[in-house]
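The values are calculated or read from the model by the stated rules, or taken from the named source; none is laboratory data. As the structure is a computational prediction, the values presented were derived from the model and not from experiment. Reconstructed Cβ throughout: ideal geometry from the backbone, glycine too, with neighbour counts over all protein chains shown. Heavy atoms of the whole protein, side chains included, go into the accessibility calculation; ligands, DNA and RNA do not. Shrake-Rupley method; radii C 1.70, N 1.55, O 1.52, S 1.80 Å.
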Amino acid sequence: MPDAPRSTDGAAVAVGDGAFGDALVAQRDAPVGGQAVLEGVMMRGVSTWAVAVRKPLPEQLKEGGLEVDEIPLGEIEVVSHPLISVLKKHRLLRLPLVRGVVALGESLGIGFKALGISANAQLPEDEKEISGGVWAGTVVVALVLAIGLFFVIPVGLTSLIKDQLNSSFLFWLVEGLLRTAIFLGYLLALSRLRDLRRVFEYHGAEHKTISCYEAELELTPENAQRFSRLHPRCGTSFLLVVMIVAIFVFAPLGLPAWYWLVLTRIVGVPLIAGISFELIKFAGKNRRRRWVRAVMYPGLMLQKLTTREPDLDQLAVAIAAMNAVLAVENPMGASEEDRMGMEVVA
């Protein structure tokens, strides 16, 4: 294996453990994040977010039905937008737990806008673009389904055997295990969808590019390829933290009536998200500590379901999005105040 590129000050190392294998891993955290979209990547810095998308060629749009391995490469289209987080405007929103809920809400908004840009980029020029109203409705439906699937259904099913359990501890344990099992089954099902393969590859490209930037290496597809496709701040890891935190948040509530159980699961989502936000940020900043890496290990393993190894062309798209952000700002040099509202997931 050729010598791995590494920064001169040790900002990137080959960990060689069970999670990362022999891939490079950045040893410092940067206020950048991102998201895989349709044939592209969204990158977010402190004051800018950008989407880079591989446009389909005209002949591809006419023929259709091509296998993913046969898709010809079109040009990379890059769109960037300014970002002003509401966290910078209101001091109260910066309080621990509260800031996590606000930052995640902003992240969801940007994420769905990025998906809309990427979806419209795949349409023929004479076809009507997907409206903002459609995407807003999609956000609402997605949130309702997520809360229903991961919070309401587990407590509802466990309530059916509430009398048989006759113990708040057993109820807490069964509900937590059921919620986690549904989450793991959901990820496993997604990982087997062939139509999502390229999205997962772009997800891997996003992680590799962010790690390459965090290690302060030149952003080239070849350099980025040598990094792990797993990242400590990945949204997949964050969701696993949410499932675990939920178990402990709901434990002290005991066994009230079923309608109170359902209501607390819905109302408690912001609190759980806020706690999980703080934990995942801490893990990203303290990734060098051995015990932190051990705690992060299950989440890193889950990322193997939602990421795939990208090719150099996909990495070029992710780098184009990152370069669009870096053309406007220097995230590494941002002050702590400027970093308020930074993306929590990578």
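Residue pairs whose Cβ atoms lie under 7 Å apart, separated by 6 or more positions or on different chains, with the first residue in region 272-293 and open to solvent by 40 Å² or more (accessible area, probe 1.4 Å) and the second of a type in the set (Val, Ile, Thr) and in a helix (DSSP H, G or I), are 275/245; 279/241. Here residue 125 meets the list (1) touching a helix residue (DSSP H, G or I) at 6+ places or on another chain (Cβ under 8 Å); (2) assigned to a loop (DSSP other than H, G, I, E, B) almost entirely, failing just condition (1). Filtering region 157-213 to residues that are within 19 Å of residue 239 (Cα to Cα) and of a type in the set (Asp, Glu) leaves 175, 206.
Between 245, 174, the distinction of being touching a Ser or Thr at 6+ places or on another chain (Cβ under 7 Å) and open to solvent by less than 20 Å² (accessible area, probe 1.4 Å) belongs to 245 only.
Pairing residues of region 87-106 that are touching a residue at least 60 places away in the same chain (Cβ under 8 Å) and among the small types (Gly, Ala, Ser) with residues that are part of a loop (DSSP other than H, G, I, E, B) and crowded, with 19+ Cβ neighbours inside 10 Å, at Cβ distances under 6 Å and at least 6 apart in sequence or on separate chains, gives 103/341; 103/344.
Condition check ((1) at pLDDT below 90; (2) more than 15 Å from the chain's Cα centre (by Cα)) across all residues:
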residue	(1), (2)
237	yes, no
254	yes, yes
263	no, yes
304	no, no
335	yes, yes
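Here the condition is being aliphatic (A, V, I, L, M), over 30 Å from residue 296 (Cα atoms) and modelled with pLDDT under 75; of 84, 71, it holds for 71 alone. Only one of 233, 197, 179 is touching a residue at least 40 places away in the same chain (Cβ under 8 Å) and outside any helix (DSSP H, G or I). Can you tell me which? Of the residues listed, the single one that is touching a residue at least 40 places away in the same chain (Cβ under 8 Å) and outside any helix (DSSP H, G or I) is 233. Hey, could you check region 138-160 for residues that are over 16 Å from residue 186 (Cα atoms) and surrounded by 15 or more Cβ atoms within 10 Å (Cβ to Cβ) and say which is modelled with the lowest pLDDT? Looking at the filtered set, the residue picked out is 139. Just one of (1) open to solvent by 10 Å² or more (accessible area, probe 1.4 Å); (2) over 19 Å from residue 24 (Cα atoms) trips up residue 217, so point out which. Evaluating residue 217 over (1) open to solvent by 10 Å² or more (accessible area, probe 1.4 Å); (2) over 19 Å from residue 24 (Cα atoms) leaves (2) as the failure. Once region 8-46 is narrowed to residues that are surrounded by fewer than 18 Cβ atoms within 10 Å (Cβ to Cβ) and more than 26 Å from residue 301 (Cα to Cα), the residue that is modelled with the highest pLDDT is 9.
Does residue 188 meet the test of being surrounded by fewer than 13 Cβ atoms within 10 Å (Cβ to Cβ) and at pLDDT below 95? Spell out the reasoning first.
On the way: surrounded by fewer than 13 Cβ atoms within 10 Å (Cβ to Cβ): yes; at pLDDT below 95: yes.
Yes: the conditions hold for residue 188.
Of the residues making up region 74-94, those that are within 30 Å of residue 267 (Cβ to Cβ) and surrounded by 13 or more Cβ atoms within 10 Å (Cβ to Cβ) are 83, 85, 86, 87, 88, 93, 94.
Against the test of being in a helix (DSSP H, G or I), modelled with pLDDT of 80 or more and among the acidic types (Asp, Glu), the options 77, 106 yield a single qualifying residue, 106.
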